[in-house]
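The values are calculated or read from the model by the stated rules, or taken from the named source; none is laboratory data. Predicted model, so just to flag it, every value in this text is computed and none were measured. A quick note on method: Cβ atoms are made from the backbone with ideal geometry, for glycine too, and the neighbour counts reach across all protein chains shown.
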Amino acid sequence: MSTIVNPSPPQQNPKEAVGRSAHPLRHLLGGKPKLSAPAFRLQTKSFGRATLLVRCYYACNLYFALALMADWTGLLNRNMPAPLWPVAWLTHVPLRTGIGAILWLYLLGALAAAIFPQKRWTRIIAFAGVFEWVAFNNSYGKIGHSMHLWTLVSALLIFLPDLKRGESPSRTQRQKFLLIFWACQAMIMLAYSMSGLGKVVVAIYQGCLGQMHAFSSNALAEVIAERLLETNSRSLLGPWLIDHSSVGWPLLLGAIYLELFAFLTVFRPSLHRFWACGLILFHIGSFLLLTVSFPQNCLLLALFFLSSPFHRDDENWRHTLADLPLLGRLFPRQCAS
Amino acid sequence: MRAYRRIRIFISWFLSAYFAMGLLMLLRPDMEIFPVFSWFLFARVPQSGAQFGLLLHQVNSRKIEPPRLYQEAGDLVPTAHSVTVYKLAQELGAAIEKNSPETTRCRDLLEKDWLPPQSSYELVKLNSDPVTRWKTGKYEIIQRLGTFTNADKPSGKNE
């Protein structure tokens, strides 16, 4: 049966492992496959953790919906937006009624999914609520991106298998559940990798034009200065870093590394916690320098990676270092356990 | 087993499609169709060059002398630090330069939602280097694209 999800590679003989590690791409990116503990025991344990994390996800979703209630009065009095396509129907109904419908859908969907996360119909309503709310909130001239991943994860969670109360799920059901959970992880990291790819591609383009680019030593200072001027705001560390621009160089290079290889880490459970810590620190840094905050993304990283159900308890820091993309070759694994 | 394989194919398809469509979004001026986005955030390192600004001449029927940039008028407008207004100013400037119908949409959004009633503003093109402007506060107005007023439009609440 080949139903074990990627995060826990199936057992393989050492010869095969050596053969795979010799693959040129694997050699370039670093890291080696290692033997896993008995797969089914791992699957049961991972499944238990994943179901709990999905419950936590919907509890957080409910918190967001409840926290918004304080703003309901102001939201109901907003002007007609320039609606994004998911809320284009607002132009055909009385505005106040339409906004009210979105807010109630968001709240009730979040409540239903927090109570019955195992039921698909509640997850569908929860997704519809988040989707409509985020589309409406971004219909006033600029699209913010802090809730995009939350919305996409909500869409993927619809495909979790329905679990019946009191019945122990079959091995296939558990595997399907873990696969969808893994898809959510992949979606989160894909967005970060696209962001990193963007920085590299645009840097090459700007370099070819002879302009300052993301790998230049003063790049971060320029980015911070423009961002702070756009809004005439003050960040805690931004002004200091503009005056000491060389400090920003390793920080920006580190951020590009973290973002670019984020997707690869989905396939290496030993890196889940490490990468989540790195990306959360990256978000903290972004706020301190640029006043750009992504708290919802940090929450997703904490739920799906800091608490990753695929992270093995017997993992040690040597394995983690050896699995680092590109740099892993500098830290040879001591022994395969 | 068959259902499991179908899910695997669906996930591969979903992630690949999101990646490909995200990159295709770069061809659009707004770079996204919600929720598909390229995620090219802060990818371009800003250079010395032109950008647009809103110079406020009048707010709530009160004349501002000398006129001030929107983001520097925190005592006059409640959303002076809004990045949305900055983006709208860039969109409006680009639309006016291209003589595009987007001009009306951008003006409507700005004037109804982000400016106090009885306001008058001028759209200007500025030239500066970000770090130099940050350190000296100096910028140069290189072009004036027009003066507008929202006297007839109701204002709403935002942010």
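No other residue among A:LEU152, A:LEU179, A:LEU163 is touching a Lys or Arg at 6+ places or on another chain (Cβ under 9 Å) and either in a helix (DSSP H, G or I) or without any contact (Cβ under 8 Å) to a residue 60 or more places away in the chain (or both) apart from A:LEU179. Taking the criterion of being β-branched (Val, Ile, Thr) and at the interface with chain B (Cβ under 9 Å from one of its Cβ atoms), would at least one residue in region A:243-256 satisfy it? Looking for residues that are β-branched (Val, Ile, Thr) and at the interface with chain B (Cβ under 9 Å from one of its Cβ atoms), one finds none in region A:243-256, hence no.
Reported count of residues in region B:34-81, each being of a type in the set (S, T, N, Q) and facing another protein chain (nearest Cβ under 7 Å), is 3.
Among the residues that make up region B:108-120, is at least one of them part of a strand (DSSP E or B) and either more than 19 Å from B:GLN143 (Cβ to Cβ) or in the same structural domain as B:ARG144 (by TED's automatic domain parsing) (or both)? So far as region B:108-120 goes, yes, one or more of its residues are part of a strand (DSSP E or B) and either more than 19 Å from B:GLN143 (Cβ to Cβ) or in the same structural domain as B:ARG144 (by TED's automatic domain parsing) (or both). Checking each residue in region B:62-82 for being touching an Asp or Glu at 6+ places or on another chain (Cβ under 9 Å) and over 14 Å from A:THR231 (Cα atoms) picks out only B:PRO67. Of all the criteria given as (1) at the interface with chain B (Cβ under 8 Å from one of its Cβ atoms); (2) touching a residue at least 12 places away in the same chain (Cβ under 8 Å); (3) not in a helix (DSSP H, G or I), the one not satisfied by A:THR172 is (3).
Among the residues of region A:109-145, none is identified as among the hydroxyl-bearing types (Ser, Thr, Tyr) and closer than 15 Å to A:LEU68 by Cα.
Number of residues in region B:16-33 that are more than 26 Å from A:ASN137 (Cβ to Cβ) and facing another protein chain (nearest Cβ under 10 Å): the value is 1.
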